[in-house]
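Engineer: Quick one: structure below, then a few questions.
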Amino acid sequence: MPRTKKVAASGKFGPRYGFTLRRQYAEVDAKVRQQYQCPTCGAVKVKRVSTAIWECRRCGAKFAGGAYIPVTAGAQPKSKGVA
Ligand SMILES: [Zn+2]
């Protein structure tokens, strides 16, 4: 049965792995390509220059952040700790 053979050959984790990887890459890619707001001047001109390094195209501010988004979750400066 060639059918069974084919599935066994490529069905270890190939398709599933590829799918997950592709989906993850698409999500990360979308985040990385986005422009974010600069914490210094407020312009939405922050782009990733390398892993965890972000730069504002307007004022030139450079800062370290998350690998895929400039500000990691939980670092929100707004009033949240009013418990
Ligand atoms: Zn800026």
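Engineer: Points 7 angstrom from Cα along the Cβ direction at C41 and A67: gap in nanometres?
Structural biologist: 3.0
Engineer: Also, quick follow-up: Under a point spin-label approximation (7 Å from Cα along Cα-to-Cβ), what is the I53-V28 distance to one decimal in nm?
Structural biologist: The modelled label-to-label distance comes out at 1.8 nm.
Engineer: Next up: What is the set of long-range amide H partners of A43 at a cut-off below 5 Å, with H atoms built 1.01 Å from backbone N?
Structural biologist: Sorted by chain and number, the residues that satisfy this are C38.
Engineer: State, as an integer percentage, the relative contact order of segment 21-74 based on alpha-carbon contacts under 8 Å between residues 6 or more apart.
Structural biologist: Over segment 21-74, the number comes to 25 percent.
Where a number appears in this text, it was derived from the coordinates with a stated rule and is not lab data. As the structure is a computational prediction, the values presented were derived from the model and not from experiment. Here Cβ is always computed from backbone atoms with ideal geometry, including for glycine, and neighbour counts include all displayed protein chains.
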